[in-house]
Protein chains: 2
Amino acid sequence: MTAQSSRLTYDSTTPAVKDVDAYMDGLGRAARQAAVQMRRSPTAVKNAALSAMAEHLQSARHRVLEANQRDLSRGCDQGLDAALLDRLALNDARLEAMIEGLIQVAALPDPVGEIDGLRARPSGIQVGQMRVPLGVIGIIYESRPNVTMEAASLCLKSGNACILRGGSEASESNAAIATCIRQGLLDAGLPEAAVQVVATTDRAAVGRLISMPEYVDVIIPRGGKSLIERISREARVPVIKHLDGVCHVYLDASADPQKALAIAINAKTHRYGTCNTMETLLIDASLAEEMLPALAAAYAEHGVELRGCERTRAILGGIVSATEADWHTEYLAPVLAIRVVKGIEEAIAHIERYGSHHTDAIVTENYGLARRFLAEVDSSSVMVNASTRFADGFEYGLGAEIGISTDKLHARGPVGLEGLTTRKYVVLGDGQVRQ
Amino acid sequence: MTAQSSRLTYDSTTPAVKDVDAYMDGLGRAARQAAVQMRRSPTAVKNAALSAMAEHLQSARHRVLEANQRDLSRGCDQGLDAALLDRLALNDARLEAMIEGLIQVAALPDPVGEIDGLRARPSGIQVGQMRVPLGVIGIIYESRPNVTMEAASLCLKSGNACILRGGSEASESNAAIATCIRQGLLDAGLPEAAVQVVATTDRAAVGRLISMPEYVDVIIPRGGKSLIERISREARVPVIKHLDGVCHVYLDASADPQKALAIAINAKTHRYGTCNTMETLLIDASLAEEMLPALAAAYAEHGVELRGCERTRAILGGIVSATEADWHTEYLAPVLAIRVVKGIEEAIAHIERYGSHHTDAIVTENYGLARRFLAEVDSSSVMVNASTRFADGFEYGLGAEIGISTDKLHARGPVGLEGLTTRKYVVLGDGQVRQ
């Protein structure tokens, strides 16, 4: 689905699906029916299915790794690049992590049925909001086969039915994992169609999956930006998007230098390829002279290339000039753009103009500026004196994460089980009628 | 925009907007800028604007009514039907209600800035969710000019900028009201572009408004089903939908006959034209023989026409047979479909198959069945022993209502100020970095 995988034309394991639309409709219908049963499934039954899946995966270890080997050698033959092959590869440690993940999801509290804010109204009725599953979730992802199990477990625990469409390069691995999922569902007495893995690599299947509002309530695409953009543009059902991030750290004039240094280094260098990594550092003019040399020395130790605005270059010297394109770029690499700004107004304006509304942080000891940054920066996560790397479902205590949403409607920020649910109003009366 | 108004070709008051796309882009750009200022506007300033609007509307009474007279006489000339003219008409009482509405919205608590669930994490950071405006809201509606003021006030109070596109038949009334809105904004020092009323009746303006994701965050269509369906289909931004309702009341075997009678009568006869009115009554077989005659007598008093399933007709006699189409129909009229069902399973299956996921109620004294109905019926409001007519923002205590959403993502059920906001994560740290 990315530039890379679009070159793949493999379909040797594709079952004979002649009419893709009819096949997808069949999955949709079955999912819609399964969703009715999932909606009413008790927590214990859902947890039993998750535990059974873990056991089946444990016993099928050998088979899953063999299937993965076939995917890998086919991928090698087709000349997939090393990064893609690494994402595709399963091994004992990754299988162990999948099993551990199932056990962790089983241990999470069930969000379904929780009633918030039940209050009495003057009419005598009580009104509250009950958390309920979304219904049928379609998930479209790329090469990593462990996503199959992860997505299945989160959809199941949140009481949804799901249709999973993985990358064609992982088709044998995904089919082997799907078998474990199906066995787990059957063991617990849940419908097989609660989790369906699309068994054709025909790309028309994706087009159909995102165009069945009668069967699918929401689509979650996981993958490269171009895949997500295309799906958002073409989908006829709502899409929960998990976009990349152009994240900022702003070092205010009153920043504690120790905290500023620690956060600016951690936000950039803790991991380069994640969406919550800082890509642009904004530094207050009054601090620049004093702090930039220390920062540059620390970045040099990590091998981070710096690109600066004119004022940054005047202080540091010998670094590349940041172009307009740099302020827009998510490097996902040891590269950092640096801009000297005059105060919080200019910092917020820069973030508003160039940011991707993902995660932005201020380092400051000024109470008023902290409050202002929190209120005015329009991103899915806004932080004071903390590294942007904390924007993560586990760090936030969600217990799980299916991705990070930069959308404004529904889930925003790290999405855990709650983002896979919605709420409905419940009204408890005693015979009340409207006057 | 409905079958009715699509016949209108009036554009005598349309200002000379030659390039509609460029004009709408201009509104969008201005709204996006205004949204930045609205996001940071204190509650007191927003309330001051609302009060000032109320005063300006008070002093402009005469001018607004004159403009409305011009709309009405033009509508008469063009042969608009009586119902449409009634919705279009303003008078002293309706103006008073608009003024009162502004004062009430000013008195509501400001949802913006509220932080939920702030909790400490093992890393030492504190994480919570802050309620923030959506940004720019586009509202598309039909003949009622009072919607202009109502939509403006709710968007303003929730910290959003908005672009309002009313019906062309109300263009002079809307322009007069827009003047009061603009004056109120200026008095309070808020940007004029915080509320913009589209000043062209060219229908291409709607097409553009729903296709500017760079400027508009969400579209709320209010009007007939065909308008809403078309907008949902064509929009390139998220749509919060306010659809019609095929609402059910299920009288279970254990229902208290007094409550059953009161609720079944109120849900149907309290008002016929509202989306939360019951359209189909489901009655348990064991209750049918005893209760149907009493119900039929009460409905006869209200002049409600009954259409029944075979079992209903066998008991009542002389009523029309309900066809498959009846179970799908929102009558919005004194007509009721009745079906005898065998137990809750059949009742829920009927609602799942024919309902519109709006509002459904059970009347029962059985604790287990009440719990089951609440959990399993997948509608935006689910009720026990209360009339479906309670599904309403004011009855639920939201203090306001811009409509009722039957969507699953974001707002669901009656939508008040909270539905016009979203949440972002806020992280408060003290220099923490990710380990």
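The values are calculated or read from the model by the stated rules, or taken from the named source; none is laboratory data. None of these values were measured; they are calculated from a predicted model. Note that each Cβ is placed from the backbone with ideal geometry, even for glycine, and that neighbours are counted across all protein chains shown. Note: areas computed on protein heavy atoms with side chains; ligands, DNA, RNA excluded. Shrake-Rupley method; radii C 1.70, N 1.55, O 1.52, S 1.80 Å.
Here are some residues: A:S173, A:S123, A:S143. Which one is within 14 Å of another protein chain (Cβ to nearest Cβ) and polar (S, T, N, Q)? First the steps, then the outcome.
Working: A:S173 fails: within 14 Å of another protein chain (Cβ to nearest Cβ); A:S143 fails: within 14 Å of another protein chain (Cβ to nearest Cβ).
Just a single option satisfies the conditions, and that option is A:S123.
Anything in the stretch B:411-431 that is open to solvent by 10 Å² or more (accessible area, probe 1.4 Å), over 24 Å from B:R144 (Cα atoms) and in contact with a helix residue (DSSP H, G or I) (Cβ under 7 Å, 6 or more places away or on another chain)? List them, or say none.
Result: B:G431, single match.
Given the conditions (1) outside any helix (DSSP H, G or I); (2) under 23 Å from A:V426 (Cα atoms); (3) not β-branched (V, I, T), and given that B:Y331 satisfies all but one, which numbered condition is not satisfied?
With (1) outside any helix (DSSP H, G or I); (2) under 23 Å from A:V426 (Cα atoms); (3) not β-branched (V, I, T) applied to B:Y331, the lone miss is (2).
Condition first: open to solvent by 40 Å² or more (accessible area, probe 1.4 Å) and not in a strand (DSSP E or B). Now tell me which residues in the stretch A:113-123 satisfy that. Before you say what the answer is, go through the steps one by one.
The first filter runs over the stretch A:113-123 and keeps only residues open to solvent by 40 Å² or more (accessible area, probe 1.4 Å), leaving A:114-123.
Once the filter is applied, which keeps residues that are open to solvent by 40 Å² or more (accessible area, probe 1.4 Å) and not in a strand (DSSP E or B), the stretch A:113-123 yields A:E114, A:R121, A:P122, A:S123.
What number of residues within the stretch A:43-53 satisfy the criterion of being surrounded by 22 or more Cβ atoms within 10 Å (Cβ to Cβ) and of a type in the set (A, V, I, L, M)?
Selection size over the stretch A:43-53: 3.
What's the number of the only condition in (1) among the polar types (S, T, N, Q); (2) open to solvent by 20 Å² or more (accessible area, probe 1.4 Å); (3) in contact with a Phe, Trp or Tyr (Cβ under 9 Å, 6 or more places away or on another chain); (4) without any contact (Cβ under 8 Å) to a residue 40 or more places away in the chain that A:S380 fails to meet?
Looking at each condition in turn, A:S380 falls short on (2).
Which residues, counting only those in the stretch A:256-291, are in contact with a strand residue (DSSP E or B) (Cβ under 7 Å, 6 or more places away or on another chain) and among the basic types (K, R)?
Once the filter is applied, which keeps residues that are in contact with a strand residue (DSSP E or B) (Cβ under 7 Å, 6 or more places away or on another chain) and among the basic types (K, R), the stretch A:256-291 yields A:K259, A:K268.
Determine which member of the set A:R61, A:R87 is at pLDDT 95 or above and assigned by TED's automatic domain parsing to the domain that holds A:P133.
Details: A:R87 fails: at pLDDT 95 or above.
The unique qualifying residue is A:R61.
Evaluate the following for A:G397: is it open to solvent by 10 Å² or more (accessible area, probe 1.4 Å), over 27 Å from the mean Cα position of the chain (by Cα) and within 7 Å of chain B (Cβ to nearest Cβ)?
The answer is no for A:G397.
Among the candidates B:V195, B:V216, which residue alone is in contact with a strand residue (DSSP E or B) (Cβ under 6 Å, 6 or more places away or on another chain) and either within 14 Å of chain A (Cβ to nearest Cβ) or open to solvent by 30 Å² or more (accessible area, probe 1.4 Å) (or both)?
B:V216
Considering B:A386, B:A411, B:A361, which residue is at the interface with chain A (Cβ under 7 Å from one of its Cβ atoms) and either in contact with a strand residue (DSSP E or B) (Cβ under 9 Å, 6 or more places away or on another chain) or farther than 27 Å from A:G419 by Cα (or both)?
Numbers: B:A411 fails: at the interface with chain A (Cβ under 7 Å from one of its Cβ atoms); B:A361 fails: at the interface with chain A (Cβ under 7 Å from one of its Cβ atoms).
The match here is B:A386.
Residues in the stretch B:223-266 that are assigned to a loop (DSSP other than H, G, I, E, B), open to solvent by 40 Å² or more (accessible area, probe 1.4 Å) and either within 12 Å of chain A (Cβ to nearest Cβ) or modelled with pLDDT of 90 or more (or both): how many?
Summing the residues that are assigned to a loop (DSSP other than H, G, I, E, B), open to solvent by 40 Å² or more (accessible area, probe 1.4 Å) and either within 12 Å of chain A (Cβ to nearest Cβ) or modelled with pLDDT of 90 or more (or both) in the stretch B:223-266 gives 6.
Could you check how many residues of the stretch A:414-435 are assigned to a loop (DSSP other than H, G, I, E, B) and either more than 9 Å from every other protein chain (Cβ to nearest Cβ) or under 13 Å from the mean Cα position of the chain (by Cα) (or both)?
Residues meeting the conditions: 2.
Can you tell me which of B:A288, B:A337, B:A333 is surrounded by 14 or more Cβ atoms within 10 Å (Cβ to Cβ), of a type in the set (G, A, S) and under 33 Å from the mean Cα position of the chain (by Cα)?
B:A337
If I ask for residues that are in contact with a Lys or Arg (Cβ under 7 Å, 6 or more places away or on another chain) and in a loop (DSSP other than H, G, I, E, B), which ones from the stretch B:383-395 would you list? Outline the logic, then answer.
Within the stretch B:383-395, the first condition is being in contact with a Lys or Arg (Cβ under 7 Å, 6 or more places away or on another chain), and the residues that meet it are B:385, B:387, B:389-390, B:395.
Listed by number, the residues that qualify are B:S387, B:E395.
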